[in-house]
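Inspection log for the structure reproduced underneath, given as structure tokens.
The values are calculated or read from the model by the stated rules, or taken from the named source; none is laboratory data. This is a predicted model, so every value here is computed, not measured. All Cβ positions, glycine included, derive from the backbone under ideal geometry; neighbour counts span all protein chains shown. We work out accessible area using only protein heavy atoms, side chains counted, and drop any ligands, DNA or RNA first. Shrake-Rupley method; radii C 1.70, N 1.55, O 1.52, S 1.80 Å.
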Amino acid sequence: MKLYGFGPTRSLRVLWGLEELGIECEFISVNLVKGQHLHPDFLHLNPAGKVPVLVDDDLILTESAAIVLYLAEKHPDKGLLPAGLKERAQVYRWIMFAMTELEQPLWRMARHTMLYPEDKRLPADIELARQDFVDMAAILDQHMEGRRFIAGDSITAADCVTAYLMDWANEQDLLADCPYLLAYLEHMYKRPTAPPRIAQAFTAMERN
């Protein structure tokens, strides 16, 4: 298997899943700063020009959450997806919640803060997105009271997907009113299988 990714991106989710599963995978860096994601060879893998991309034999798979789920299903004995249907449904539920209710506001903030040309940025949308995130994070925070993991008593694909988002949100000071999510964030990144924090990945990228 080959994983195309880059530093402080959603590639970290997949790296986390790979570590939890104990799977070896060749990591191929696609330098977004240098525009390598726009090279025809990479666009052949993902026409959207985004990382991560997993290549497993004849399978080319994009979207970080989908990759984590694929790896978890490919190695059912490792437990990143529960065997029971109802328990597995909860993993799917919280992954969908993370991707739609939590990640999208963070992306809106990033686009209007850094990614869009300055004349296209909308400060009002940053505040709207910020509030959208805070409102939805409060739901997950309540869910995490008394829990160590999002779905069940052990780590699942939902944690690999969501913990990265909590680190991103914490970088934006969005978890101040979410004590259970802050505790969850610290608990997750103490795992020996955890990838670098986003700030660490940025530092490593700048050194290179």
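Details
- The single condition among (1) open to solvent by less than 20 Å² (accessible area, probe 1.4 Å); (2) farther than 25 Å from A98 by Cβ that L54 does not satisfy is (2).
- Test result for E19, open to solvent by 70 Å² or more (accessible area, probe 1.4 Å) and touching a residue at least 24 places away in the same chain (Cβ under 8 Å): yes
- I28 meets each of the listed conditions (1) in contact with a helix residue (DSSP H, G or I) (Cβ under 9 Å, 6 or more places away or on another chain); (2) in contact (Cβ under 8 Å) with a residue 12 or more places away in the chain apart from (1).
- Lone qualifier among A158, A169, A176, A204 - being surrounded by fewer than 17 Cβ atoms within 10 Å (Cβ to Cβ), out of contact with any Ser or Thr (no Cβ under 8 Å at 6 or more places or on another chain) and not in a loop (DSSP other than H, G, I, E, B): A204
- Test: R197 is open to solvent by 20 Å² or more (accessible area, probe 1.4 Å), of a type outside the set (A, V, I, L, M, F, W, C) and more than 16 Å from the chain's Cα centre (by Cα): no
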